[in-house]
Amino acid sequence: MSDKEPDDSFGTGSTPERARERAVPSSRIARIGSFGRLVGGVAGGMAAEGVRRIASGEGVSTRDLILTPGNITRMTDRLSHMRGAAMKMGQMISMDAGDFLPEELSSILGRLRDQANFMPTKQLDQVLKSEWGNDWRRQFKWFNPRPIAAASIGQVHKAMTRDGQELAIKVQYPGIAKSIDSDVDNVMTLLKVAGFAPPELEIDKLLTAAKKQLHEEADYQREGAQMELYRKRLEGEDGFVVPRLHEGLTRGSILAMSFEAGSSIEDLKDEPESRINEVTERMMRLVARELFEFGVMQTDPNFANFRYRRDTDQIILLDFGACRAVDPEVANGYRKMLQAGLNGNREEVLAATIKAGFMMPIVAERHPERVGRMIDIVINEMREDTAFDFGDRSFVPLLRDEGWEIAQDKATWAFPPIETLFVQRKVSGTALLGARLKAKVNVRRMTEEILEKTDPFVVSVV
């Protein structure tokens, strides 16, 4: 392509060796064809498994027929090949549901998180020419065609401009933005067939919100503006690094920013326990500040969006496509729930939980004892004035078991408000990182400090 970068250890981690060059199907017909091949392959696998089970005298269910090892491989391979909203939805569901997913679905989504296919050089060059013009190479001393990261919507390349600026350039896969709506619909069809999206749930609002967010994430100029806003919010704070936008090279499907060296946030597990705890608490405080101070939150907790610079003890924040304003009522609802929990008042916690939309009133009416036990578990965990051990997940199965029993009652099925789901996604994802690192943080003290330093948002009455 152009001169390659010098061989240095910049510490971002390259695309895994198992990554493959695979052209992204960019036209509507090509993507429909990919879904068609996926459905056909899954159907064939179901038929073969059905014959085998009947011949051996085993019982047959739709879910068992779909979730065979062969079909799981087909789904992960096809969705990772398509990338875009199809792959992004799988990653989002995986992060959101955490410990509560069926094992088979966790396997599919976990593999999607680890996939790292990237565009062939020819397809990459076509995208760059369409945005920067045929002579785009003249702007760089070198541009490495091998990406340093590959994700669901785009891939990231390292480059150096003629004036010596070292940049990270995020390039969107072709056709991704135009395919979002149809990809989301097709993935939901697959989930419905597999029994993971029961017809009793009205998911139209959820799908509309998912499409809206994915369209926002595909607008790299919007993301660049959000990145600059975050950089200004955290200016002067030594514990964080936010890349600087390169406006001259940024386009709707290309985001150019300063290159910030660091390693995976998960590598913190090899650091001393004191550092693990301090960095994890710093990340949790940022989430609390987003919720109660900024009124804006980066709602994608994917671990790849956070890196760590060991020599300066700084957290590098990446990927601001999922930034969105926090509904003041949602933030105030969280505040009331936390205050009630710190006070150990079960009734106030329940009232705040219902008002914030986390729980429908019918759930508490039909299952008061189970709801009460779940609230007690959470209150007991958060009220301890000591370091909470995120690595100890012993309370999760207790919550899961109570929640599972309630979920058997179809009369209680409903999605929380969309704005609540976005915030909860970030909160849960950050807690999941704490669990992965086995961090210990005094959550009670941190929460009290944040609540004391901030005021409830003023809710405008229309």
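Taken over the range 202-218, the residue count meeting the criterion of being open to solvent by 60 Å² or more (accessible area, probe 1.4 Å) and more than 29 Å from THR412 (Cα to Cα) is 1. Filtering ASP238, ASP204 for residues that are free of Cβ contacts under 8 Å to residues at least 12 places away in the same chain and more than 20 Å from LEU167 (Cβ to Cβ) leaves a single hit, ASP204. Applying the set (1) open to solvent by 30 Å² or more (accessible area, probe 1.4 Å); (2) part of a helix (DSSP H, G or I); (3) free of Cβ contacts under 8 Å to residues at least 60 places away in the same chain to SER428 leaves exactly one unmet item: (3). In the range 392-416, of all residues being modelled with pLDDT under 80 and not in a helix (DSSP H, G or I), the one that is surrounded by the most Cβ atoms within 10 Å (Cβ to Cβ) corresponds to PRO416. Note on the range 192-229: residues that are at pLDDT 75 or above and part of a helix (DSSP H, G or I) total 21.
Consider the range 263-294 and keep the residues that are under 29 Å from THR454 (Cβ atoms) and of a type in the set (Gly, Ala, Ser). The one that is nearest to the chain's Cα centre (by Cα) is ALA288. Within the range 441-462, residues that are assigned to a loop (DSSP other than H, G, I, E, B) sit with their Cβ atoms under 9 Å from residues that are charged (D, E, K, R) and open to solvent by 60 Å² or more (accessible area, probe 1.4 Å), at 6+ positions apart or across chains, in these pairs: ASN442/GLU384; ASN442/ASP385; THR454/GLU293; PRO456/LYS336; PHE457/GLU329; VAL459/GLU329.
I'm trying to understand the selection: among the residues of the range 351-376, which are more than 15 Å from PRO416 (Cα to Cα) and touching a residue at least 24 places away in the same chain (Cβ under 8 Å)? Within the range 351-376, ARG366, HIS367, ARG370, VAL371, GLY372, ARG373, MET374, ILE375, ASP376 meet the criteria.
Using the structure shown, decide if MET297 is among the hydrophobic types (A, V, I, L, M, F, W, C), surrounded by 15 or more Cβ atoms within 10 Å (Cβ to Cβ) and either more than 21 Å from the chain's Cα centre (by Cα) or farther than 22 Å from VAL279 by Cβ (or both). Outline the logic, then answer.
Details: among the hydrophobic types (A, V, I, L, M, F, W, C): yes; surrounded by 15 or more Cβ atoms within 10 Å (Cβ to Cβ): yes; either more than 21 Å from the chain's Cα centre (by Cα) or farther than 22 Å from VAL279 by Cβ (or both): no.
So MET297 fails the test.
The values are calculated or read from the model by the stated rules, or taken from the named source; none is laboratory data. No experiment lies behind these values; they were computed from the predicted model shown. Here the Cβ is made from the backbone with ideal geometry for all residues, glycine too, and neighbour counts use every protein chain on show. The protein model used for the area step is the full one, side chains on, heavy atoms only, and it has no ligands, DNA or RNA in it. Shrake-Rupley method; radii C 1.70, N 1.55, O 1.52, S 1.80 Å.
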